[in-house]
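Step one of this worksheet: look at the structure below.
The values are calculated or read from the model by the stated rules, or taken from the named source; none is laboratory data. Nothing here was measured: the structure is a model prediction, and the numbers come from that model. Every residue, glycine among them, receives a Cβ derived from its backbone with ideal geometry; neighbour counts consider all protein chains shown.
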Amino acid sequence: MEDKKNRRKKPTIEEITRCPECGSTHLTRDYSRGELVCEDCGLVIDENFIDQGPEWRAFDSEQKEKRARVGAPLTYTIHDKGLSTVIGWKNKDSYGKSIPTRSRAQLYRLRKWQRRIRVSNATERNLAVALSELDRMASAMGLPRNVRETAAMVYRKAVIKNLIRGRSIEGVAAAALYAACRQCGVPRTLDEIADASRVSRKEIGRTYRFIARELGLKLMPTSPQDYISRFCSELKLSGDVQAKAIEILKEAADKELTSGRGPTGVAAAAIYIASILCGERRTQREVADVAGVTEVTIRNRYKELAERLDIDIIL
């Protein structure tokens, strides 16, 4: 027993820095043979060592970055940034075998406690509720991933600055989503945000103005051009109509016809004129339903544009 205790522990590959035979520090790792060899005297110091590196090869930095396999990236759309573990809902083990019935009660308790410990305080609970609501609204509106991440970041900043106090979680989440849409160049109207959320248009607008002021968000007003592609897509109009509508809006902007008017109304009027000029006529009612404005607004705007830009429209 004493001999075993006093026996010196064998050093690892990382700890061997000198050849025990000649004392040389010129050691080479031969990965094809799994050997550690001294270059000076040729002594095989260790053999059958494990290669700790990846099993793939990369020939440039871009390839190396692509082939690296790590965990999921950080995401601000989850309250814990996606760093915690999740116990799956399936009653199966890592081999795909069904878990015995006698162990399922224990697994159920594990899942329950896992859900509880993921949320440790009131701030995290607030974030968990708000971010799930954000994700629901973004999914309902078909918004891309970058908009969701930006909205989550805006909401987190509002929480840090204690701007949530006295306001509903849904209202601040909807306002953050509206701000993110404008920041990312994917504008949505307040009416569209209100339809997807459980909050009124008035409250979203009021909360948005408050958050933008307190967080110092520098957001430019939306332009009619931002809405053209989406409205044309929903009306099933061709690229020619879209290009013509953008051309009309550029001419209108040069003559300062778009300032002081609602961007959706001007965009709808430009699409209406372009659809007639390109032979893909859509009614004012159809365009108004897609743009979320009234037929009267479209009539007023298209008359202004046609008159000031000298466009002959044959109705």
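Quick notes on this one:
- Residue that is modelled with the lowest pLDDT [pool: residues in the stretch 87-134 that are closer than 24 Å to ALA151 by Cβ and polar (S, T, N, Q)]: SER120
- The stretch 189-230, residues that are in a helix (DSSP H, G or I), more than 22 Å from the chain's Cα centre (by Cα), surrounded by 13 or more Cβ atoms within 10 Å (Cβ to Cβ) and at pLDDT 90 or above: ARG201, GLU203, GLY205, ARG206, THR207, PHE210, GLU214, ILE228
- Of the criteria (1) modelled with pLDDT of 90 or more; (2) more than 18 Å from GLN284 (Cβ to Cβ); (3) of a type outside the set (Asp, Glu), which one GLY260 fails: (1)
- Residues that are among the polar types (S, T, N, Q), modelled with pLDDT of 90 or more and assigned by TED's automatic domain parsing to the domain that holds ILE211 occur in the stretch 138-145; there is at least one.
- Contacts under 6 angstrom Cβ, first residue in the stretch 120-132 being farther than 12 Å from ASP80 by Cβ, partner of a type in the set (Val, Ile, Thr) and in a helix (DSSP H, G or I), 6 or more apart: VAL129/ILE169; ALA130/ILE169
- Hey, SER120 of a type in the set (Ser, Thr, Tyr), over 29 Å from CYS181 (Cβ atoms) and not in a loop (DSSP other than H, G, I, E, B) or not: no
- Evaluation of LYS4 against (1) out of contact with any helix residue (DSSP H, G or I) (no Cβ under 8 Å at 6 or more places or on another chain); (2) closer than 30 Å to ARG148 by Cα; (3) modelled with pLDDT under 85; (4) not β-branched (Val, Ile, Thr) (one fails), failing number: (2)
- From ALA58, ALA138, residue being touching a helix residue (DSSP H, G or I) at 6+ places or on another chain (Cβ under 6 Å) and without any contact (Cβ under 8 Å) to a residue 12 or more places away in the chain: ALA58
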